[in-house]
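S.K.: Pasting a structure below so you can have a look.
The values are calculated or read from the model by the stated rules, or taken from the named source; none is laboratory data. Because the structure is predicted, anything quoted here is derived from the model rather than measured. Note that we place each Cβ from the backbone using ideal geometry, even for glycine, and neighbour counts take in every protein chain shown.
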Amino acid sequence: MPTSENMPFDMTERRLGAVVRRLRRQQDLTQEQLARRAGLTQGHLSKIEAGMRQSPTAHTIKRLARALGVPVTELLE
């Protein structure tokens, strides 16, 4: 199975964005609500979900995981 180390950039970022979007929708949260919980702007979150945000920092990923109530590893699967 490919890991983030050997995946092309766009695949990794798109996958992260898709997972965040899926979890957000499962919890019936808007982008604005999740962004507020995670301490991000809605625009930043939108770019992450669209796979357009290059390499979100570990800090940002941790904040999203905490805001979604999931382990960081779930966002990176």
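S.K.: Given the residues ALA65, ALA58, which is the only one that is surrounded by fewer than 19 Cβ atoms within 10 Å (Cβ to Cβ) and of a type in the set (A, V, I, L, M, F, W, C)? Steps first, please.
M.R.: Numbers: ALA65 fails: surrounded by fewer than 19 Cβ atoms within 10 Å (Cβ to Cβ).
Unique residue meeting the criteria: ALA58.
S.K.: Test ARG25 against the criterion of being farther than 12 Å from LEU64 by Cβ, modelled with pLDDT of 95 or more and out of contact with any strand residue (DSSP E or B) (no Cβ under 7 Å at 6 or more places or on another chain), and give yes or no.
M.R.: yes
S.K.: Also, I was wondering about something else. Restricting to the stretch 37-66, name every residue that is part of a helix (DSSP H, G or I), over 17 Å from GLU77 (Cβ atoms) and touching a Lys or Arg at 6+ places or on another chain (Cβ under 6 Å).
M.R.: ALA38, LYS47
S.K.: Across the stretch 16-36, what is the number of residues that are assigned to a helix (DSSP H, G or I) and touching a residue at least 40 places away in the same chain (Cβ under 8 Å)?
M.R.: Quick first cut of the stretch 16-36, residues assigned to a helix (DSSP H, G or I) only: 16-26, 31-36.
If we keep only those that are touching a residue at least 40 places away in the same chain (Cβ under 8 Å) too, we end up with 16, 19-20, 23-24.
Looking only at that region, the number is 5.
S.K.: I've got another one for you. Report, ordered by the first and then the second residue, all pairs with beta carbons closer than 9 Å, sequence separation of six or more or different chains, a first member in the stretch 48-59 that is without any contact (Cβ under 8 Å) to a residue 60 or more places away in the chain and of a type in the set (A, V, I, L, M, F, W, C), and a second member that is surrounded by 11 or more Cβ atoms within 10 Å (Cβ to Cβ) and in a loop (DSSP other than H, G, I, E, B).
M.R.: ILE48/LEU40; ILE48/PRO56
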